[in-house]
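Derivation of every value follows stated rules applied to the coordinates shown; laboratory data play no part. Note that the structure is a prediction, hence the values are computed from the model and not measured. Positions of Cβ are generated from backbone atoms using ideal geometry, with glycine treated the same way; all protein chains shown enter the neighbour counts.
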Amino acid sequence: MELLILVDNAPHPHDGTLSSEHGLSVLIKRDNGEIVLCDTGRSNTYRHNMENLGLNIKDVSRGFLSHAHNDHSGGLADFLTHNKTAPVYLSRKAIGRKYFSTRHKGGVKDLSMDPSVASEWGSRLIAMDASAWIDDDTAIVFNACRKYSLPSGNRFLKTGPESEDIDDDFCHEMSLVFKTKDGLVIISPCSHNGAANIICSCREFTGIQDIKAFIGGLHITEGPDMEKDVESFISDICKTAPRTRIITGHCTCEGAKKILRESGVEISFFHTGFSIIL
């Protein structure tokens, strides 16, 4: 299996033909030949990067949306326009609901998914209400564990029918999980529910204890709670999955990456154009 980071906040260090943006999009090339797109970043940048890498969007057979926020769903209308056949799995609670951030000084920021996606391409969307196997080796897993820490930055994230009136509990966040002979590969693009909780949920749903890799952002943001969040992540991972290969980026801030590099934890960091072979 190969995972190719089509879009990440961090640019490719050498390839100037690939564009980066605040968002995440991951292309998964499975051993059986299937190609899956996990999230679409903020815009159509993911597709332009595919083209520059010699990849054809029409070869994607399935899409997956991890959660509603528009730095992951912003390119979804573009995907559905240029790929005419692939279904897209997403939480039902990503559809028709508003999501907001109150973190920035400029006021409340709308993070909602483009409503035209559901109105124009509803027949292509597979709305999920619960964890499920979607084939023999692929599961979609909602978080069901609250034993371990949550990212402190979640307190700035809100939801509501029209305005920012409810704390987001991230019941719309899903992980994409692949069963391999060496254990589970978990793709959790933002991990708002906390990496250790997500790992626990994936184990409970699949019945498989071995975790081969955990790939995605950790939602550790710059600010006064950053060091505490990193310490909590390290403690929780050491308790739950100390031998798991962890590869992170996107919403793991640069300050957190620096601390993690110096911590002794086995962890690596992706960027736009980064290839992961599993």
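Details
- For residue 243 and residue 204, the difference between the fully extended length at 0.36 nm per residue and the C-alpha to C-alpha distance is 12.2 nm.
- Residues in the range 208-237 that a label on residue 155 would reach, taking backbone N under 17 Å of a point 7 Å out along Cα→Cβ: 219-233
- Partnerless cysteines, meaning none of the other Cys C-beta atoms lie under 4.7 Å away, in the chain: 38, 171, 190, 202, 238, 251, 253
- Taking trypsin sites (Lys or Arg not before Pro) across the range 21-120, the ones in a DSSP loop with at most 12 further Cβ atoms lying within 10 angstrom of their Cβ are 84, 105.
- Counting other Cβ atoms within 10 Å as a rough exposure proxy, the listed residues 101, 235 run 235, 101 from fewest neighbours to most.
- Over the chain, the ratio between the Cα radius of gyration and 2.2 N^0.38 Å evaluates to 0.93.
- Interchain or long-range residues, amide H under 5 Å from residue 272's placed H: 8, 10, 12
- All other residues whose Cβ lies under 13 angstrom from that of residue 76 are scored, Lys and Arg at +1 and Asp and Glu at -1, for a net of -2.
- Percent RCO, i.e. relative contact order, over the range 2-277, from Cα pairs under 8 Å lying at least 6 residues apart: 18 percent
- Length available on full extension from residue 134 to residue 116: 0.36 nm per residue minus the Cα-Cα distance, which gives 3.9 nm.
- Only lysines eight or more places from residue 228 in sequence, or on another chain, were considered; those with a Cα closer than 25 Å are 105, 147, 158, 239, 257, 258.
- Modelled FRET efficiency - R0 51 Å, residue 171 with residue 14, Cβ distances, 0.05 increments: 0.80
- Extension gain, residue 85 back to residue 58 (0.36 nm per residue minus Cα-Cα distance, nm): 8.9 nm
- FRET efficiency estimate (nearest 0.05) - Cβ-Cβ, residue 254 to residue 30, R0 30 angstrom: 0.40
- Sparse-neighbourhood loop sites, trypsin sites (Lys or Arg not before Pro) in the range 164-256 - DSSP loop, at most 14 other Cβ within 10 angstrom: 181, 243
- Neighbour counts of C-beta atoms inside 10 Å place 110, 167 in the sequence 110, 167, starting with the fewest.
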